[in-house]
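The values are calculated or read from the model by the stated rules, or taken from the named source; none is laboratory data. These numbers come from a predicted model, not from an experiment. Positions of Cβ are generated from backbone atoms using ideal geometry, with glycine treated the same way; all protein chains shown enter the neighbour counts. We work out accessible area using only protein heavy atoms, side chains counted, and drop any ligands, DNA or RNA first. Shrake-Rupley method; radii C 1.70, N 1.55, O 1.52, S 1.80 Å.
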Amino acid sequence: MKDRTHSLPSFAAWLNKGFDLRKHAAEMRDARVAPEISPASVFLALFHAFIFRLPSFQQLDHELSHSHLQHWVGAERSFHDDTLRYSLCGFDLGPLQAMLVEVNRRFKRGKVFDPGRVQGRLVAALDGVEVLSSFSRHCESCLERRVSRKDQAGRKIEEIQYYHRAVGCQMIHSPVKPFLDWEWLQPGESEETAALRLLRRLPDLYGSRFFDILVLDALYAQTPVLELAHEMGWDVVISLKQNSRDLYQSAVRLFARRPPDAAFSETQDHKLYRIQLWDTEGLPFTVNNPEPVRVVRSEEVLERNRFREGERTRHCTDHEWLWITTLSQSAFSAAVIRQLGHSRWKQENNGWLELTKHWAFKHGFLHACRHRPQRVNAEGHREPVPNHGLAAVTWILLIAVALSSCFVLRHSKLVRRDHLTAVAVASQLRAWISKAPPSIRAPD
Ligand SMILES: [Zn+2]
């Protein structure tokens, strides 16, 4: 008889055969001394919590004491929230990052990134995201900013807000869109500094040219970014806004004097876009770096129907977009540059939004957790180990998201047969753990 729902053993078989899940789990380390519950079990527990889309640590705690999950993750007994926190706060981040890299390399070898190539090229995007903010809870690596808000009496007050921000680099052209790497902003540094650090280490992690085109926000229209991309052999498509004043103004002035180079209409989700494109090569990037760049401008009128007081009316809005690119006019038309430029939205819509909406990402797991293993510092004093909790949880989440979306979008026949959503697959896998007999143990 054919399988009617997904089972955890078949999912695990796919993970172990294709991605060595158990082997990677065995390499996990943390700062505890001779712990009863191994770092491998802690990793597998949290990995499955994300696969099942459990909403919180408390829920995972509950599952570990009332279902067969503890056997499945290789623990001899049930364990709680406090063990998870204590382990994760001192987790070694290296094996987690190495696992995400290995998963992505196997995706590439397995042709997961082949669908959706843009004229044969693989496309990644890099962007910043704020992970959490708080007026009260803070840790030693929090970023700080002064913000104005109103107190209960309606008076305007200024307060210090603590937050964490990171940059992530994600594949965006294919249906499976895993993150390739992730970097936290350190206190006092700019987003560009963290981004350059991430981009510079990509070739060490993935070899040169894991992808071909990098799509970036206007913040990254900077000489160091262009130079790095050139050095790495990546082409770029970068939004151009008024922060690059000279280039922006010379492009706008040039395009105002001439008719568009292309004009067409496009329908998407019942919305009609009327698009005019201007395209030029050879504008100097900045006064200090007059390296010629290509600029594409898109003027878009979006027409859609609106219902006001029972009447259907046609409503139009105007939008303007500009991009800088190193891709040549002969190989990539202005229409393709526009498509690439807009694909950065995919990162915002499928990347951050997906993580925060469906994966409980912004819950600030373990942020400012003081319950941490101790170590002896250079002066011979005992002190808590640096808190890696938020970073460890983020890596495990990124690994779980990558593998689960590949399973749903590429592997599962049931998803195609029964038109299942990713959330439905998660609940089928989760249901299996509470139905299974007590003797279950994950296959090695
Ligand atoms: Zn913090």
Chymotrypsin sites (Phe, Trp or Tyr not before Pro) lying in DSSP loop within region 96-144, provided at most 13 other Cβ fall within 10 Å = 135
Per the Debye formula with a single identical scatterer at each Cα and no solvent contribution, what log10 I(q)/I(0) holds for the chain at q = 0.10, 0.14 Å⁻¹?
-> -0.85, -1.34
Qualifying chymotrypsin sites (Phe, Trp or Tyr not before Pro) for region 21-104 [loop in DSSP, other Cβ within 10 Å: at most 14] = none
Under a GNM of the chain (C-alpha, springs under 10 Å), which listed residue has the highest mean-square fluctuation: 251, 391, 124?
-> 251
Potential extension, residue 305-residue 114 segment - 0.36 nm per residue separation minus Cα distance = 65.1 nm
At residue 375 and residue 287, where each label point lies 7 Å from the Cα along Cα→Cβ, what is the point-to-point distance in nanometres?
-> 4.9 nm
Of 241/271; 108/413; 108/435; 23/111; 17/177, which sit over 29 Å apart, Cα to Cα?
-> 108/435
What angle do you read, to the nearest 10 degrees and between 0 and 90, between the alpha-carbon axis of helix 39-51 and the longest principal axis of the chain?
-> 50 degrees
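Can you tell me the length gained on complete extension of the stretch residue 263 to residue 22, counting 0.36 nm per residue apart and subtracting the Cα distance? Don't skip to the answer; put the middle values down first.
On the way: separation 241, 0.36 × 241 = 86.76 nm, distance 5.40 nm.
Residue separation times 0.36 nm, minus the Cα-Cα distance, leaves 81.4 nm.
If you average the sequence gap of Cα pairs under 8 Å that are 6 or more apart and divide by the length of the chain, what percent do you get for the contact order? All intermediate terms of the calculation are to be shown ahead of the outcome.
Numbers: 741 pairs, mean separation 96.2, N = 444.
It rounds to 22 percent for the chain.
Express the accessible area of the chain per residue in Å², computed with a 1.4 Å probe while the remaining protein chains stay in the model.
Working: 21620 Å² over 444 residues.
Ligands and nucleic acids excluded, the figure is 49 Å² per residue.
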Ignoring ligands, DNA and RNA, what percent of the accessible area of region 158-197 is carbon or sulfur (1.4 Å)?
-> 46 percent
Can you give the net charge of the other residues whose Cβ lies under 13 Å from the Cβ of residue 196, counting K and R as +1 and D and E as -1?
-> -4
Here the gain from full extension of residue 319 to residue 76, 0.36 nm per residue of separation minus their alpha-carbon distance, amounts to 81.5 nm
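What does the charge add up to near residue 91, with Lys and Arg as +1, Asp and Glu as -1, over the other residues with Cβ less than 13 Å from its Cβ?
On the way: positive: 29, 32, 85, 372; negative: 27, 30, 92.
Taking every other residue near residue 91 into account, the sum is +1.
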Report, in degrees rounded to the nearest 10, the 0 to 90 angle that the Cα long axis of helix 94-109 makes with the longest principal axis of the chain.
-> 60 degrees
Backbone HN-Hα couplings from phi across region 298-304 [Karplus 6.51/-1.76/1.60, Hz, Gly and Pro as x] | 10, 10, 10, 9, 9, 10, 8
Fraction of accessible area attributable to carbon and sulfur, region 43-96 (%, probe 1.4 Å) | 48 percent
Please give the helix 422-435 orientation as an angle from the longest Cα principal axis of the chain, in degrees from 0 to 90, rounded to the nearest 10.
-> 0 degrees
Could you give me the ³J(HN,Hα) list for region 186-201, computed from phi with Karplus coefficients 6.51, -1.76, 1.60 and θ = phi - 60°, whole Hz, x at Gly and Pro?
-> 8, x, x, 9, 8, 4, 4, 4, 5, 5, 5, 4, 5, 4, 5, 8
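Taking GluC sites (Glu not before Pro) as exposed when DSSP calls them loop (any state but H, G, I, E, B) and at most 11 other Cβ atoms lie within 10 Å, what is the longest stretch of the chain free of them, the sites themselves excluded?
141-308
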Nearest-5 percent of antiparallel DSSP beta bridges in the chain?
-> 90 percent
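Leaving ligands, DNA and RNA out of it, report the carbon-plus-sulfur percent of the accessible area of region 218-286 at a 1.4 Å probe.
Details: 1850 of 3780 Å².
About 49 percent, which is the carbon plus sulfur part of the accessible surface.
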Note down the net charge around residue 249, summing +1 for each Lys or Arg and -1 for each Asp or Glu among other residues with Cβ under 14 Å from its Cβ.
-> +3
Could you tell me which trypsin sites (Lys or Arg not before Pro) in region 75-132 are loop residues by DSSP with no more than 14 other beta carbons within 10 angstrom of their beta carbon?
-> 77, 111, 117
